[in-house]
Amino acid sequence: DAGVIQSPRHEVTEMGQEVTLRCKPISGHNSLFWYRQTMMRGLELLIYFNNNVPIDDSGMPEDRFSAKMPNASFSTLKIQPSEPRDSAVYFCASSWSRALYEQYFGPGTRLTVT
Amino acid sequence: QKEVEQNSGPLSVPEGAIASLNCTYSDRGSQSFFWYRQYSGKSPELIMFIYSNGDKEDGRFTAQLNKASQYVSLLIRDSQPSDSATYLCAVNQFSGGYNKLIFGAGTRLAVHP
């Protein structure tokens, strides 16, 4: 099993640019989570999908952030326009809904906005 | 008050000693408790979970839960330098009709030879 796949692994962009992060969950998992990790705020849940449907997006910081899951094997997190305070490591995780909390994390995308 | 609190550390222990990592949570309705390990520059990985009061052992790891005191701990026996990592406590929260995991900020453990 390849595990959760994320791309890109590193992204450096200028303030105001659009950033798109991608995630492929583990095959067979039907729950997908986007997290953001910073030193100041720790690991925060941004949004959670179940069977491709957004269930809880209360953690999405503001309208600049959007997430989609067009099918069971792909999700995107988009930031437009990006700001320096968005700099963080963004993790995607997946699980089987009957074991919702046994989440498997991808390697993360380190985003730097200058 | 943070929902899940951990001492940030670092907790420094000598090789072979017992490392004790602690976590408190605020939501009395929480029923599921997890410990994730995160090596520097890597992603979190689940190492233990506990649902019932008492102790749960898995190899060198023991998770302890006291729901009355809203307290979870992780003991690592015979600590090894390879155990040096940040340990994240996570607790389920039922809010708005949905369950989700709330993570603590993590405790950094350093095991020195």
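The values are calculated or read from the model by the stated rules, or taken from the named source; none is laboratory data. Everything numeric in this text was worked out from a predicted model, so none of it was measured. Neighbour counts are summed over all protein chains in view; Cβ atoms, including those assigned to glycine, are modelled from backbone coordinates with ideal geometry. For accessibility, only protein heavy atoms count, side chains too; no ligands or nucleic acids. Shrake-Rupley method; radii C 1.70, N 1.55, O 1.52, S 1.80 Å.
Listed values, structure above:
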| item | result |
| --- | --- |
| Histogram of C-alpha separations across the protein assembly as shown, 10 Å bin width, % | 8, 32, 35, 20, 5, 0 |
| Which listed pairs, of A:Lys24/A:Lys78; B:Lys56/B:Lys100; B:Lys2/B:Lys56, have C-alpha distances above 24 Å, in listed order | B:Lys2/B:Lys56 |
| Gain on full stretching of the segment that runs from A:Ala2 to A:Met40 - 0.36 nm per residue minus C-alpha separation | 10.6 nm |
| Relative contact order of chain A, defined on C-alpha pairs under 8 angstrom at six or more residues apart (%) | 37 |
| Net charge, B:Lys67 excluded, C-beta distance under 14 Å - Lys, Arg +1, Asp, Glu -1 | 0 |
| log10 of Debye I(q)/I(0), alpha-carbon scatterers only, for region A:2-47 at 0.29, 0.32 Å⁻¹ | -1.18, -1.18 |
| Buried accessible area, chains A and B (both chains, 1.4 Å probe, Å² to nearest 100) | 1500 |
| Rg and Dmax [Cα atoms of chain B; Å; Rg one decimal, Dmax integer] | 13.7, 48 |
| Rounded to the nearest 20 debye, dipole of the protein assembly as shown from Cβ charges on Lys, Arg, Asp, Glu | 120 |
| Relative counts (whole %) of C-alpha pair distances in region A:42-114, using bins that are 5 Å wide | 3, 14, 25, 29, 18, 8, 3, 1, 0 |
| With all protein chains modelled, accessible area of B:Lys2 [1.4 Å, Å²] | 130 |
| Under the Karplus curve 6.51 cos²θ - 1.76 cosθ + 1.60, θ = phi - 60°, whole-Hz ³J(HN,Hα) for region A:2-10, x wherever Gly or Pro sits | 6, x, 6, 10, 10, 8, x, 7, 9 |
